[in-house]
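Here's the structure we're looking at; comments come further down.
The numbers here are math on the coordinates, done by the rules we state, and not lab data. Keep in mind that this is a model prediction, so the values were computed, not measured. FYI the Cβ positions are ideal-geometry reconstructions off the backbone, even for glycines, and counts take in every protein chain you see.
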Amino acid sequence: MTYQHKIVWITGASSGIGEALAQAFAKQGAKLVLSARRVDELERVAKSLSIAAEHIFILPLDLTQTELHAGFAEQVVARFGRIDVLVNNGGVSQRALAQDSPLDVDRKIMEVNYFGNIALAKAVLPYFLNQKSGQFIIISSIAGKFGFWFRSAYSAAKHALHGFYESLRMETEQHGVNVLLVCPGKINTNISVNALKADGSRHEKMDDATAAGISAEACAHQIIQAAQAGKEEVLIGGREIKAVWIKRHFPKLFGRIIRKQKPE
Ligand SMILES: NC(=O)c1ccc[n+]([C@@H]2O[C@H](COP(=O)([O-])OP(=O)(O)OC[C@H]3O[C@@H](n4cnc5c(N)ncnc54)[C@H](OP(=O)(O)O)[C@@H]3O)[C@@H](O)[C@H]2O)c1
């Protein structure tokens with residue numbers, strides 16, 4: 001399977017994994033819809049792509065404004081005639097103890113990572129069902145497989161994505177809809193810099209673990225490979241992704257290992 005001439009809509013396309021995915025899909029000859037809040041960064045990414053300007057649609061959006069999502073999907077279809085792939089990648093992490101985090105910060109993390117994400121999928125789904133094809137590529141996390149220090153709301157939101165999309169997959173696969181859940185481990189992006197602290201402000205720090213992660217480009221390459229293979233789920237990263245397997249088969253050992261990890 002190739003993405004040549006496919007209409008690929010990427011959220012969180014202004015940096016990190018989303019930007020790398022835009023580069024990778026452009027190399028395959030896809031037509032791209034680039035979404036995030038920062039228009040200047042989306043324009044920078046668009047200029048760097050190896051495809052003609054008329055094959056790129058910059059569509060700024062805030063994932064939390066879910067009431068606008070159906071209108072955004074309409075705009076994409078008006079521009080390109082259809083949507084083939086929604087890469088639901090935009091998200092924000094967390095660096096705060098649960099005991100310190102007020103509920104409104106938990107809700108904000110849930111709004112971006114869960115409700116914003118599924119609202120966009122619900123806006124796109126009628127087009128997928130009508131055309132009897134379409135692919136959701138959902139960027140979850142290994143935090144969607146187990147909890148971790150300072151990630152209570154983030155991990156909860158990512159776990160919730162698995163419940164939603166595993167159900168959606170069962171309900172729609174007979175209508176030609178494919179769902180790929182991607183669980184990255186440590187990827188070297190600004191995720192920790194942009195993560196929210198207990199007071200809702202940005203962490204503003206590049207964590208050692210994030211800095212030591214694999215590149216966003218390597219991550220994007222593996223995401224596209226998994227998507228082309230029609231996989232349902234893929235773990236991407238370094239040795240940290242082995243923790244998912246250890247948790248499944250040796251839960252007590254997992255408990256000992258995970259408690260020893262540096263809390264950052
Ligand atoms: N890096 C990792 O180690 C790692 C590991 C596991 C999972 N992930 C997941 O990978 C995805 C991409 O993160 P990244 O690592 O590339 O980090 P990043 O560089 O901080 O990128 C996050 C992206 O999400 C967008 N975004 C954030 N809040 C938004 C909102 N309210 N509305 C619309 N867009 C919003 C940002 O754009 P604007 O600021 O312009 O809106 C940005 O493009 C996230 O879902 C993250 O949870 C990352």
Subject >> Dipole in debye (nearest 20) - the stretch 7-259, about Cα centre, beta carbon charges: Lys, Arg +1; Asp, Glu -1 >> reply: 780
Original post:
For the chain, modelled as a GNM with alpha-carbon contacts under 10 angstrom, which of Asp208, Asp106, Asp84 fluctuates the most?
Top reply: Asp208
Original post:
Which cross-chain or sequence-distant (5 or more) residues have an amide H under 5 Å from the amide H of Val33, H modelled 1.01 Å from N in plane?
Top reply: Val8, Trp9, Ile10, Phe57
**OP:** Would you kindly derive the ³J(HN,Hα) couplings of the stretch 93-107 from the backbone phi angles with the Karplus curve 6.51 cos²θ - 1.76 cosθ + 1.60 (θ = phi - 60°), listing them in order in whole Hz, with x for Gly and Pro?
**Re:** 8, 9, 9, 7, 5, 4, 5, 9, 8, x, 4, 5, 6, 4, 5
**OP:** Rank His55, His249, His159 by mean-square fluctuation in a GNM of the chain with C-alpha springs under 10 angstrom and give only the top-ranked residue.
**Re:** His249
Original post:
Once phi is turned into ³J(HN,Hα) by the Karplus curve 6.51 cos²θ - 1.76 cosθ + 1.60 with θ = phi - 60°, what whole-Hz value does each residue of the stretch 114-121 show in order, with x for glycine and proline?
Top reply: 10, 5, x, 5, 6, 5, 5, 4
**OP:** May I ask you to evaluate 6.51 cos²θ - 1.76 cosθ + 1.60, the Karplus curve with θ = phi - 60°, for each residue of the stretch 45-53 and list the ³J(HN,Hα) values in order in whole Hz, giving x for glycine and proline?
**Re:** 4, 4, 5, 7, 7, 8, 10, 4, 4
**OP:** Towards the positive end of the charge dipole of the chain, with charges on Cβ (+1 Lys, Arg; -1 Asp, Glu), say which of Ser93, Ala143, Ser133 has the farthest Cα.
**Re:** Ala143
**OP:** Compute the distance in nm between two label points, each set 7 Å from the Cα along the Cα-to-Cβ direction, one at Glu43 and one at Val77.
**Re:** 3.0
Original post:
Mind checking the angle between helix 216-228 and the chain's longest principal axis? C-alpha axes, 0 to 90 degrees, to the nearest 10.
Top reply: 60
Subject >> Reduced Cα scattering model of the chain, Debye log10 I(q)/I(0), q = 0.10 Å⁻¹ >> reply: -0.47
**OP:** Would you be so kind as to identify which of Pro102, Ala211, His5 lies farthest towards the positive end of the dipole of the chain, taking Lys and Arg as +1 and Asp and Glu as -1 on Cβ and the Cα centre as origin?
**Re:** Ala211
Original post:
What residues have an amide H closer than 5 Å to that of Leu235, excluding those fewer than 5 places away on the same chain, when H is modeled at 1.01 Å from N in the peptide plane?
Top reply: Cys183
